[in-house]
1. Mean-square fluctuation check for the chain, GNM, Cα pairs under 10 Å: which of Cys61, Cys244, Cys169 is largest?
2. Provide, as a two-decimal number, the C-alpha radius of gyration of region 7-265 over 2.2 N^0.38 Å, N being how many residues it has.
3. Where does the longest stretch of the chain lie that holds no trypsin sites (Lys or Arg not before Pro) found in a DSSP loop with 15 or fewer other Cβ atoms within 10 Å?
4. For n ≥ 4 DSSP H runs only, could you compute -39500 (n - 2.57) per run for the chain, divide by its residues and tell me the 222 nm figure to the nearest 500?
5. Run down the lysines and flag those whose C-alpha is under 27 Å from the C-alpha of Lys27, throwing out any fewer than 8 positions away in its chain.
6. Which distance in nm do the two modelled labels at Val139 and Leu178 give, with both placed 7 Å along the Cα-to-Cβ direction?
7. How far apart, in nanometres, would the label points at Val153 and Met1 be if each is projected 7 angstrom from Cα along the Cα-to-Cβ direction?
8. What share of the DSSP beta bridges in the chain is antiparallel, in percent to the nearest 5?
Amino acid sequence: MFSHDDKIGVAVSGGKDSLTLLQILSKMEKLRPKASLTAITVDEGIKGYREEAMRIASAKCEELAIPHYVTSFKELFGLTLDDVVAKNRKKDHKELTPCAYCGVLRRRALNMVARIVGATKIATGHTLDDEAQTILMNVLRGDVVRLTKEKPVTDEAHTKFVQKVKPLCEIPERESALYAYVKKIDFQGVPCPYASEAYRNTARAILNEMEEKYTGTKFTVVKLLERIRPALRTLEIGSNYKECKECGEPSSGDLCKPCELLKKME
Ligand code: SF4
Ligand code: ZN
């Protein structure tokens with residue numbers, strides 16, 4: 001996933017997985033003089049939730065002496081996630097959950113900041129559980145495009161995309177949490193107020209129940225995708241990126257997803 005001289009932008013939300021990742025990468029980076037780390041935190045603008053996480057993320061970066069770049073949806077897109085949710089509720093737009101907006105805008109924000117700080121890779125704290133849930137969700141939605149794009153290391157599909165890697169993708173969430181407890185890492189305890197609306201919760205519940213009865217289910221789901229990867233590659237989905245006519249960021253259509261969502265709310 002990494003080269004010895006990578007400039008790694010680590011996405012740090014303040015949750016246990018991203019802080020576990022930051023601590024482990026910081027340890028590894030010290031042994032590689034040509035590599036460097038910058039923590040990136042995106043404040044989505046969720047009242048009563050993000051404040052604690054921002055404080056915890058900053059304290060950890062200070063402790064580990066890692067530069068910390070903080071940005072927000074408000075700064076980059078002109079509105080907070082709370083604004084997005086309020087606007088959608090007013091318009092009675094129910095087809096997309098807050099998490100759907102949050103995910104699209106956060107991915108864009110991370111990529112923009114990674115370029116600003118000169119990162120050659122973006123490392124995220126996605127665990128085995130996250131990966132298995134995403135795969136199951138894409139299967140249940142019949143979304144072959146997203147299933148194909150789900151990878152531990154993303155393709156270098158466009159020069160403006162910074163490659164994303166998921167070093168914890170084969171680590172069960174429980175083990176990441178255990179590491180955080182053993183190392184006494186302070187992490188965010190308050191759950192996101194929008195989390196209960198997520199489709200992901202259903203996928204998580206199904207997988208946890210299956211894992212409880214049939215140990216190894218989550219690994220099987222993730223490994224299955226790797227096994228069918230050669231067949232998916234023949235579909236050549238999503239390899240033709242151009243630039244969004246609105247913002248100039250990489251896009252598979254004329255308008256990129258963030259612009260499409262933001263326009264919808266105007
Ligand atoms: Fe965003 Fe959903 Fe995560 Fe809350 S639970 S931070 S809305 S993706
Ligand atoms: Zn755009």
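Every read-out reported here was derived from the displayed coordinates using simple, explicitly stated rules and does not represent laboratory data. Every value quoted in this text rests on a predicted model; they were computed, and no experiment measured them. Cβ sites come from the backbone with ideal geometry, for glycine too, and all protein chains shown count toward neighbours.
1. Cys244
2. Dividing the Cα radius of gyration by 2.2 N^0.38 Å gives 1.00.
3. 95-159
4. On the way: 11 runs with 134 residues, N = 266.
The per-residue figure over the chain is -15500 deg cm²/dmol.
5. Lys27 reaches Lys7, Lys16, Lys60, Lys121, Lys151, Lys164, Lys166, Lys183, Lys184.
6. 2.5
7. Between Val153 and Met1, the simple spin-label model gives 1.1 nm.
8. Values: 3 of 19 bridges.
The antiparallel fraction comes to roughly 15 percent.
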